[in-house]
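Please read the structure below before turning to the comments.
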Amino acid sequence: MTGFDDDREAAVEHLSRLLQQDLLTIPEFRGLVERVLAASTGEEIAALLAEQPEEPPLVIECRSEAMRDSPRVLAAFTELRCQSGLLHVDLSDAELDVVDIDLYVECESGVMKVVLPRDVPIEVELVHRAGGIFSNKLEKLPVVADQPRIYVRVHNDNGVVALTHGRRRRR
């Protein structure tokens, strides 16, 4: 299989995700897949994909209650927001179907615990911290080309944000 075949396969997978999220109709999907398979260059494929709607972000929001969530798939852009209350999000077993994942964590005044996969490289950036408490208990892993990695940006006003690892993934 060539690099161009990999581009085609990745494009079809991307279009499949858009179809699953109801961002494309079945006839649109079929037509686009035909055009991807007929493309003769990577630039043609990139142009076809650039015309398509972007995948919507995964948003998990807690306003005032205690809430637990463990999504099965982590979107390319995922937002976790906690206005007040307690938000516990376990992403340790979430499927990572894209290489780079942007995770935005925003905590106004509540308590937020985020459990991340143990065997995925994670980069954390504390964007803003007014008076809140921030705990990062993630171990640093080397980045491997073409393997999933997660970029975490934390915005903490007056809440408590804790990032930690979950158990090791089953192989």
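One table, with the values for the structure above:
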{"quantity": "Single condition V98 does not satisfy, out of (1) more than 24 Å from M67 (Cα to Cα); (2) part of a strand (DSSP E or B)", "calculated": "(2)"}
{"quantity": "Verdict on S40 being polar (S, T, N, Q) and either in the same structural domain as R149 (by TED's automatic domain parsing) or outside any helix (DSSP H, G or I) (or both)", "calculated": "yes"}
{"quantity": "Residue match in the range 130-139 (condition: closer than 30 Å to D7 by Cα and either at pLDDT below 90 or not assigned by TED's automatic domain parsing to the domain that holds C82 (or both))", "calculated": "no"}
{"quantity": "Conditions (1) among the hydrophobic types (A, V, I, L, M, F, W, C); (2) at pLDDT 90 or above; (3) more than 25 Å from S16 (Cα to Cα); number of the one not met by L103", "calculated": "(3)"}
{"quantity": "Test: residue in the range 85-107 that is among the charged types (D, E, K, R), surrounded by 13 or more Cβ atoms within 10 Å (Cβ to Cβ) and out of contact with any strand residue (DSSP E or B) (no Cβ under 7 Å at 6 or more places or on another chain)", "calculated": "yes"}
{"quantity": "Tally of residues being loosely packed, with under 15 Cβ neighbours inside 10 Å and either more than 22 Å from L103 (Cα to Cα) or in the same structural domain as V120 (by TED's automatic domain parsing) (or both) across the range 20-34", "calculated": "8"}
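To keep it simple, each residue is scored yes or no on (1) more than 21 Å from A75 (Cβ to Cβ); (2) surrounded by fewer than 16 Cβ atoms within 10 Å (Cβ to Cβ).
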residue: A130; (1), (2): yes, yes
residue: K137; (1), (2): yes, yes
residue: K140; (1), (2): yes, yes
residue: A145; (1), (2): yes, yes
residue: I150; (1), (2): no, no
residue: H155; (1), (2): no, no
residue: V160; (1), (2): yes, no
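The values are calculated or read from the model by the stated rules, or taken from the named source; none is laboratory data. Since this is a predicted model, take the numbers as computed values, not measurements. Virtual Cβ from ideal backbone geometry, glycine too; neighbours counted across all protein chains shown.
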